[in-house]
Every structure is written in structure tokens, then in C-alpha cells.
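The values are calculated or read from the model by the stated rules, or taken from the named source; none is laboratory data. What you are looking at is a predicted structure, and each value in this text was computed from that prediction instead of being measured. Reconstructed Cβ throughout: ideal geometry from the backbone, glycine too, with neighbour counts over all protein chains shown.
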Amino acid sequence: MASSRNLIVHVQYLKLADSYNIQTKQENHQEFPFFDGNITNFFARLQSAYNLNHVKAITFTFMDCEFSNFVGFYNFRLKCREFCEKHQIFYLFLDSRLFQCVSLISQTKTMVKEGEKVMIFLLDFPCPPTALSFIRKKKNYRFVKKFFSKFPPFTQQWQEDMFQGLNPKKIIFLKFPTKCHGLSDLEKAQKFFKSYNPMVFDFKVGLAHTMDTIVNKVLHLMDKKDDPYDVEVPCCGEFEIRYNGKTLIEAGETEIAPFEKSVIVNTVPKKSVSKVKVTLKLDINSFYDFKVEPFNGKNEGETKENVAATSSVDKKIVPEKAQMIFDKQNFSVSYFANGKEYNINDLDEVVKTPIYIAFTEEKPIIGKSAMEVYKEKSKFVVFDLIKLCSVSTEDICNPKWGFKLSKEGEKGDSLCLTFETLEGEKYTTVEFLLALVLKNGKDRVKKETGKKFEEVEIKFDGFSPNEILKKNFIEAAKLLKINIVFV
């Protein structure tokens, strides 16, 4: 590239952009209007903000909320690739949450010996404490895994579940601003991991120095600068190649990009082809190339139809139906495609979501995070919803409840709850609260599959629902304008 290309641009969440001039050391900040889905407008704004002839590289960092599904996200990245290649600009796509942890290793200059591990714990975030682990290689670091635990935080069982035998050499705490969520994990974590002498790093401070890591990352990948604190780029998304129901190749965030793997498959003989070579390639940005070739080296025949290839971006998988399963305290969400059931994890990366709803933020929090809120602010949390939706009288109580029960209106047909929210005390019906849970499942299915279901199957596990519970489910579904089918 021409020597005049000295700008490295970092685009965050499609609405913020920072640039750094590697020659003058000057930084610049830009803010774009909210991304409305119009890719042409987005590129026009980017082009008006910078002279593209001076741009050396563009790095895009994303959360998981900019797009409703992976197909839309992948197609957008394809457009970005086309734009950057047209203007001869180096490009890189990174997961924002993972990159914040990657950035910490660089910012803290954390160094261990080859083979030793580093764990970064996310504390006081709006979710239970989680961790990411990294292993030291000869010249850099490699991401190992994300860790979540079902056990109470800062207990022996929790530590064993989080470590899984990794035995980190160093521990870093990434602390979210406590005042935003009223949580206080840091003090507990410091006491629990005292023997590790953990380092504490503030989330806002990390954000302020993200551009330094971006510049180092870009220059390292372009062979312009060695970086001993670099972390190899993991694959973005989940890719899977299957044949006759058996997984041949899979790649996810624990694999490093670029990625390439081939397998030899015996197929139903067709003409002279009885074996094929199946290859999946992912480049540094996880753009995939999938090939099926005759293994005998002769001219290839029509062999692709003998291998069923599926991935998160394969449009051949058409979701057929959505289902939510309820036990007395949890619910799970899944969809069915090609005769197979696919479970959808919640934001805490678990299949079973506790039926707890917290109202400490603008939008209701559902699941494990709400359970954590209950420990500090019980009056803001509703639970035992299946039980409450199964009775017609308010003459029941539980000393653990921070909310109050009453009947709605003169007829008293609906049971109502009164609880605290950010805006003060709120009074609402149990079917409205149940609708929040149904909406959570409905949104998860849409985000995972890209399909908006007008009908959802409801299944009960471990008990038989009474007519009151069924009626409340039906009323909750009406609030969402969807149909439900009990199975």
C-alpha cells in the first residue's frame, strides 16, 4: 500500500469510530447515527468521515445485538469485505467482549511461561461472574475457553467448575462500574483468590486504551510489528459439516483462524467416485470456503449432493417449529429442523433458564442474573411464577418473596403482583409477567434462526398443568399476539 496510508480506524457497534495516525500519533473520534440496517448509508458515513486513500486498516468490533441472526451478521461482513477490498484497505472483524479481555493482556503486559495459563474474570457485570482463559504459546497467547458455573460464586465447587483443572498462573479481574448495577463481586473475589495476588483492571480504563491494542493487533497481522502480548484470533461463529447425521468437521471460538481441516468420506458409489475429500477453510475473519472433491484425483462428479453440509450460515436448515419446556422453576428454549432438536442457550450460556425476573434496569432481566439481583434487592425480583400462575387466590405466601399479591379489579379474576422497579412501585398481572418469559424464548428463537414464529409449542416437565395455568399461558400468548400449542 502507498506510504500515505497511515490511518487505522476502529469501528465499534456500527456507531462509533476512532482513528489513529501511526505517523503523527494523533487520534480522532467520530459518532455515527444509529445503524438502521441500510448498509449503503453506513458506508457513505464512513467514507465522508475519512479519506479512504489515507486509511491503512479498518477493524470492526461487534456485540451480539447488532443483528438478529448469524446469517445477517455474516452477510454484512461480506459487504464490509467487499468495501475494504475495493479501496485496498486491510480489514479485521473481532468479537467486542472477547477483545476487551484480549486487550487486558496487552494493557497489563501480562507475561507467563510457555504452557502456563492466564484467567480473566468478569466481575460486577449484569450477569454471574464468568471467566476466559488463555494459554501462553511460544510467541503469543491463545484463547482456550469461556467458563460459566451453575454453583454459587466464590465457593470451592464453583472454583473447581470454573478452573476445570487449568490451574492458572495469573488471574486478572475486569471490573464493571458497580454503580451501574449495584453488584459487589470484586471484594468477594479478591478475598477468595487472595493467594493468586490478582490484578484488578477497571472496565472504563480498558475501554479508554482499546485503540492501543487495535493498532498493535493490526500492525502485528500486517507483519509490521512484533507483539509478545498478542492473542491469536479465534474463529467467529460455529461451523459444522455433517454427513448422514455424523459430524465430520466443526470449528468454533476455541479454534484459531485461519482454520483448515479435511476428511476423507466413503460415499454411496456413483460412477467412479466412491470417496471424496471434504474441506472446510476459514480465513482470519472466519469467511468460509467449503469444498467436496473426488479423492481419487479424477475429474470430479456430482458429489456434493452426497454430503450434507450445514453451518450457522447454511440456509438449507429451515426451522420447522419452536418449543419452550417449563418445569416448576426453569424453562428451556429449542427449535426443530430436519427432524432434529436444537437447544438455544440463554445469555448466561445455559440451556435451563431460572424463572426469575428482575426489574433493576430499563428492560427486565431474566434468568441467573435476576437470581443474583435477588440476593441484594429482593423487592425488585419476581419468581415462583409457575406456582403463581396455577392458583386463583392471593391467600398464599412465601417469606422469601419481596413482592406482594392481590386480585385485579372487582371480579378478581387475575392474580396481581406489586414489586419495585427503577421507576418505583409497579402493579401488574401474572399473565403479563408470564408474557415476558414467553417473549424471552420467542426472541431467542428469532435471534438464533432469523425466523419469527407465530406459534410456539409449550411443554411441561415433571408435573401436569391445571386449567388455571393453561389459561394464563393462553392469555400471556395473546399479549404477544402469538398462538401456543400444549404438547
Exercise. Taking the stretch 205-233 as the search range and keeping residues that are of a type in the set (Ser, Thr, Tyr) and within 16 Å of LEU7 (Cα to Cα), which one is nearest to the chain's Cα centre (by Cα)?
Worked result: THR210
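For the stretch 236-265: of the residues being in contact with a Pro (Cβ under 9 Å, 6 or more places away or on another chain) and outside any strand (DSSP E or B), which is farthest from LYS138 (Cα to Cα)? Steps first, answer last, please.
First pass over the stretch 236-265, keeping only residues in contact with a Pro (Cβ under 9 Å, 6 or more places away or on another chain): 252-257.
Checking the rest, the ones that are also outside any strand (DSSP E or B) come to 252-255, 257.
Numbers: GLY252: 23, GLU253: 21, THR254: 18, GLU255: 17, ALA257: 17 Å.
Among residues in the stretch 236-265 that are in contact with a Pro (Cβ under 9 Å, 6 or more places away or on another chain) and outside any strand (DSSP E or B), the one farthest from LYS138 (Cα to Cα) is GLY252.
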For this session: Kindly check whether there is at least one residue in the stretch 350-363 that is assigned by TED's automatic domain parsing to the domain that holds PHE460, among the basic types (Lys, Arg) and either under 16 Å from VAL333 (Cβ atoms) or touching a strand residue (DSSP E or B) at 6+ places or on another chain (Cβ under 7 Å) (or both).
Result: yes
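Going by the conditions given, is LYS117 in contact (Cβ under 8 Å) with a residue 40 or more places away in the chain and among the charged types (D, E, K, R)?
Judged against the criteria, LYS117 is a match.
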Exercise. Looking at the stretch 1-44, which of its residues are farther than 16 Å from ASP212 by Cα, out of contact with any strand residue (DSSP E or B) (no Cβ under 6 Å at 6 or more places or on another chain), part of a loop (DSSP other than H, G, I, E, B) and of a type outside the set (S, T, N, Q)?
Worked result: MET1, ALA2, TYR13, LEU14, LYS15, PHE32, PRO33, PHE34, PHE35, ASP36, GLY37
For this session: Scan the stretch 164-203 for residues that are at pLDDT 85 or above, farther than 20 Å from GLU376 by Cβ and either over 21 Å from the mean Cα position of the chain (by Cα) or part of a loop (DSSP other than H, G, I, E, B) (or both) and report the count.
Result: 16
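Condition check ((1) of a type in the set (Ser, Thr, Tyr); (2) outside any strand (DSSP E or B); (3) surrounded by fewer than 16 Cβ atoms within 10 Å (Cβ to Cβ); (4) without any contact (Cβ under 8 Å) to a residue 60 or more places away in the chain) across all residues:
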{"residue": "ASP395", "(1), (2), (3), (4)": "no, yes, yes, yes"}
{"residue": "TYR427", "(1), (2), (3), (4)": "yes, no, yes, yes"}
{"residue": "GLU431", "(1), (2), (3), (4)": "no, yes, no, yes"}
{"residue": "ASN472", "(1), (2), (3), (4)": "no, yes, no, no"}
{"residue": "VAL485", "(1), (2), (3), (4)": "no, no, yes, yes"}
For this session: Kindly indicate the residue of the stretch 433-470 that is touching a Gly at 6+ places or on another chain (Cβ under 9 Å) and buried (at least 19 other Cβ atoms within 10 Å of the Cβ) and also farthest from GLY237 (Cα to Cα) among those meeting that condition.
Result: VAL456
